[in-house]
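The structure appears right after this line, and notes come after that.
Quick note: the coordinates plus some simple rules give every number you see, no bench work behind them. The structure presented is a predicted model; accordingly, all values stated were derived computationally and were not measured. Note that we place each Cβ from the backbone using ideal geometry, even for glycine, and neighbour counts take in every protein chain shown.
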Amino acid sequence: MDIVFLVARILVALIFLFSAFGHIAAANAMAQYAAYKGAPGGKAGVILSGVAMGIGGVMILLGVWGEIGALLIAATLIPITFFMHAYWKETDAQAKQTEQISFNKNLGLIGGALALFLLFASQGAAMGLTITEPLIALA
């Protein structure tokens, strides 16, 4: 089971590590898009969300306080989901469908991050292949 959990962590972490790279490498373009969508924070918000995803991804990947990394990912995704994928604001049917798909995908990622939080916090190093014990331990 240790290997299965490690593979799952790697796959989940890669999503956020790639996204973090994109946020930082294309911060200007992403900031323009975020402004178009009405998201607050501008370029600093784009970079901050990229850094949060990167840190959270590394924490999950390595099992270094993975529960904190999972919460960081969830907390970052919640406002992004509602600001960037507000499908209910779209009037064009195709744009509405695209945004609803992205909104639903993010809901799934938030749920996955919360599930990872629970696993890290309740099982700790017993899950294997983690570097640290959780800071938040649930019985």
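Could you sort the peptides 23-33, 58-68, 129-139 by per-residue average Cβ neighbour count (10 Å cutoff), highest mean leading?
In descending order of packing, they fall as 58-68, 23-33, 129-139.
Taking the alpha-carbon set of region 70-111, what are its Rg and Dmax in Å?
10.7, 34
Helix 27-37 against the longest principal axis of the chain: what's the angle in degrees, Cα atoms only, rounded to the nearest 10?
60 degrees
Roughly how tilted is helix 93-123, in degrees to the nearest 10 and between 0 and 90, from the longest Cα axis of the chain?
Tilt of helix 93-123: around 20 degrees.
What would the Debye formula give as log10 I(q)/I(0) at q = 0.12, 0.14, 0.18 Å⁻¹ for the alpha-carbon point model of region 2-127, no solvent?
-0.47, -0.62, -0.93
Find the relative contact order for the chain and round it to a whole percent, using C-alpha pairs within less than 8 Å whose residues are 6+ positions apart.
On the way: 191 pairs, mean separation 34.5, N = 139.
Result for the chain is 25 percent.
For region 38-43, just list the computed ³J(HN,Hα) in residue order, Karplus coefficients 6.51, -1.76 and 1.60, θ = phi - 60°, integers in Hz, with x standing in for Gly and Pro.
x, 6, x, x, x, 4
Mind checking the angle between helix 66-84 and the chain's longest principal axis? C-alpha axes, 0 to 90 degrees, to the nearest 10.
10 degrees
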